[in-house]
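The values are calculated or read from the model by the stated rules, or taken from the named source; none is laboratory data. No experiment lies behind these values; they were computed from the predicted model shown. Here Cβ is always computed from backbone atoms with ideal geometry, including for glycine, and neighbour counts include all displayed protein chains. To get the accessible areas, we keep the full protein, side chains included, count just its heavy atoms, and leave off ligands, DNA and RNA. Shrake-Rupley method; radii C 1.70, N 1.55, O 1.52, S 1.80 Å.
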Amino acid sequence: MNFSPPELRAAADAPALIRVRNVTKRYGANRVLDGVNLDVRQGEVRCIIGPSGSGKSTLLRCLNALTDFDSGAIVLDETRVGYTERNGVLKPWTGREAAAFRSRVGLVSQHVNLFSHRTVLENVIEGPVQVLGASRVSAVRSATDLLSRVGLADKHDSYPSQLSGGQQQRAAIARALAMNPRVMLFDEATSALDPELVGEVLGVMQALASDGMTMVVVTHEMRFAEEAGDRIAVMDAGRIIEDGPASEVFARPRQPRTAEFLKDHFRFAPAEGRRSHA
Amino acid sequence: MQRGLGLTQLTLDIAEHNAVPLEDRPVERPRSGHRHLVRNGLVWAAAVLVAAYAASVVATNPAMRWDSIGKFLTAPIILSGLVTTLLITFLSAVIGLAGGLVIALMRMSSNPLIKTIAVGYLGLFRAVPLLVQILIWYNLGTFFPELGFGIPFTDIGLYGDTNVLLSPLVACLIAIGLNQAAYMGEIIRGGLLSVQPGQVEAAIALGMTRAKAFRRVIAPQAAKSIIPPLGNDMINLLKATSLVSVVGVGDLMTRAQGIYASNYQVIPLLIVASIWYLALTIVFTFVQGLLERRFAAGVAR
Ligand SMILES: Nc1ncnc2c1ncn2[C@@H]1O[C@H](COP(=O)(O)OP(=O)(O)OP(=O)(O)O)[C@@H](O)[C@H]1O
Ligand SMILES: [Mg+2]
């Protein structure tokens, strides 16, 4: 599979494509993001794990400007999220500017939200035609290509309600990819799926990763984080409490909180025994 | 003895029957519907009998004047009334839809003042009978002799004679249109609420502006649940236009009344009007069915 052009693949020492600096966000008195710092390099698969309610989804939504934050800064692909420079001053985005930014960032969320009144093919061409102004013919051509890559070549004319959960989620990935995004964000893309459907979606994500797409993946699938993830950030109570290469975080967690979380998620065996299970 | 034997036999039968596992016992399948056929036949026969009797009573009534029903059904004056009825229905539906959308969006606004205005509007226009509203707009000239735009508390502005500006037709259009806006507002709001928030968020995440997400995702999905109650409402609207006959706008009902006031054939002319209302309702229902099918895409089949 080849999802992204080669110029997107970059060396590990390239400057970070996404830079999150000291971002905070509250809902009322609840500090949901409490000074988050995070770097995502180009071509990297950046996994975020952590207990429920720790702020993972909120962070992802900030990256896509779906949610605004109170302080700090996010830079994505040399765009300061939320602001445009005019006459040397950073001014808040208009609705149109925010929309244009979101079109460059793909999001696949836990609850599959394919447009229920459109077929799979119509779902995939909707963004390119309506947002990017592509011609219908060329949009259909690339959609056909994308759909066969996610294994849905025979489902063009199906409505979402006629697909299994795994097929819907793969179509949602194709819909996001059709926008030719700089970054793909995944928010627990498999956690609403039946266990036997998880594999097919993770397979598509893995292919995308090995193809050089920059990905931020919030997941409860520790196996995926371990095998496909380059670096892993562990979130707890709105903070990133541990951050490092996947192999290190899993083998030698430095924080007791991380060790505890990992223990809950690998209930069967300690790290060494786990590999033989896999 | 005989009795005892029978009892033993029965007990044996039951024992044998129970020995067959539940999944292997024969079941009674609904037969090709003999009984249904008989029952349906009886219902149909009764219905035809009643209908035939009613028809004969009406048809043989000397006051019925079938000839005049036939004559007036397509009389130019009745047809012009029909056109006026359709015109009022169409224009008030347009006012109602546009106003209803505004009211629905205001009602869903997070601004409490805007929301309160919408709630007040709904309360007022749904509480006062439409007949009263028509009469108020029609008689507005007796209350405000002049209407227009201008700067409050000054004489600067554009004003005109209320009775000229508010011809009976315009008064009726405003009355029915504003009343419709209240009802359609609630129907539209229900439709908008039926769209799942995730669908809107997916559109926004894809890079659509709010306006585009409304046009491409919210509106078509809301339409699916709006059309059935809207069709109902349009039929109510069609019939409600007959109320304008109280101010003599010249709709179908006004025309029928005008004719029977001079020839005293009350029932035949009311039947003429009924036939036209029935025909229009059938057309509306047909269009509603078409639209429902058009927007049904994606419903689990
Ligand atoms: N719209 C909102 N209004 C108020 N509070 C919110 C809102 N969205 C999220 N929160 C709160 O923010 C906190 C973090 O939520 P978030 O969804 O980011 O957690 P998460 O790490 O993604 O959890 P999960 O693993 O369960 O998905 C939670 O305490 C949640 O209740
Ligand atoms: Mg979450």
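Charges were assigned to the Cβ only: +1 to each Lys and Arg, -1 to each Asp and Glu. The resulting dipole of the protein assembly as shown about its Cα centre is roughly 580 debye.
Dipole magnitude for the range B:161-301: about 620 debye, using +1 per Lys or Arg Cβ and -1 per Asp or Glu Cβ, origin at the Cα centre. When chain B is described by a simple charge dipole with +1 on each Lys and Arg Cβ and -1 on each Asp and Glu Cβ, the residue from B:Thr85, B:Phe214, B:Met106 located farthest towards its positive end is B:Phe214. Here the relative contact order of the range A:132-211, from alpha carbon pairs under 8 Å that lie six or more residues apart, stands at 29 percent. In terms of accessible area, using a 1.4 Å probe and ignoring ligands and nucleic acids, B:Ile275, B:Ile235, B:Ile88 rank largest first as B:Ile275, B:Ile235, B:Ile88.
A helix-only calculation puts the protein assembly as shown at -17500 deg cm²/dmol for mean residue ellipticity at 222 nm, using -39500 (n - 2.57) for each DSSP H run of at least four residues, averaged over all residues.
Kindly report, to the nearest 10 Å², the accessible surface of B:His17 as traced by a 1.4 Å probe over protein heavy atoms only. Taking all protein chains as shown, B:His17 has close to 100 Å². Students often forget the sequence filter, so: which lysines lie under 28 Å Cα-Cα from A:Lys263 once same-chain residues fewer than 8 apart are removed? List returned: A:Lys56. Chain B against chain A buries an accessible area of about 2000 Å², both chains summed, 1.4 Å probe radius. Which residue fluctuates the most in chain A, going by a Gaussian network model with Cα springs under 10 Å, if the choices are A:Ala153, A:Ala73, A:Ala209? Residue with maximal mean-square fluctuation among A:Ala153, A:Ala73, A:Ala209: A:Ala153. If you take the Cα centroid of the range A:65-88 and the Cα centroid of the range B:78-116, the two points sit 42 Å apart.
Across chain B, C-alpha contacts under 8 Å between residues 6 or more apart give a mean separation that, scaled by the residue count, equals a relative contact order of 23 percent. Electrostatic tally near A:Arg31: other residues with Cβ closer than 10 Å to its Cβ, Lys and Arg +1, Asp and Glu -1, net +1. Each Cα pair under 8 Å and six or more residues apart adds its separation to the average, and for the range B:49-158 the resulting relative contact order is 8 percent. Here the Karplus curve 6.51 cos²θ - 1.76 cosθ + 1.60, taken at θ = phi - 60°, turns the phi angles of the range B:179-185 into couplings of 5, 4, 4, 5, 5, 5, x Hz, with x standing for Gly and Pro. Accessible surface for A:Lys263 stands near 140 Å², nearest 10, in the context of the full protein assembly shown (1.4 Å probe). Of all aspartates and glutamates in the structure, those lying under 18 Å Cα to Cα from B:Lys212, and not within fewer than 8 positions of it along the same chain, are A:Glu97, A:Glu122, A:Glu126, B:Glu201.
Here the calculated FRET efficiency for B:Val83 and B:Ile151, from their Cβ-Cβ distance with R0 = 35 Å, stands at 0.30, rounded to the nearest 0.05. Carbon and sulfur: what percent of the protein assembly as shown's accessible surface (1.4 Å probe)? It is 60 percent, rounded to a whole number.
Annotation: A:Ser247 carries an accessible surface of approximately 80 Å², with a 1.4 Å probe and no ligand, DNA or RNA atoms counted. Between B:Pro228, B:Pro26, B:Pro62, find the one with the highest GNM mean-square fluctuation for chain B; connect C-alpha pairs within less than 10 Å. Answer for the Gaussian network model of chain B: B:Pro26.
For B:Lys71, a cut-off of 26 angstrom between C-alpha atoms picks up these lysines, skipping any fewer than 8 places away in its own chain: B:Lys239. In a simple Cβ point-charge model (Lys, Arg +1; Asp, Glu -1; nothing else charged), chain B has a dipole of about 600 debye relative to its Cα centre.
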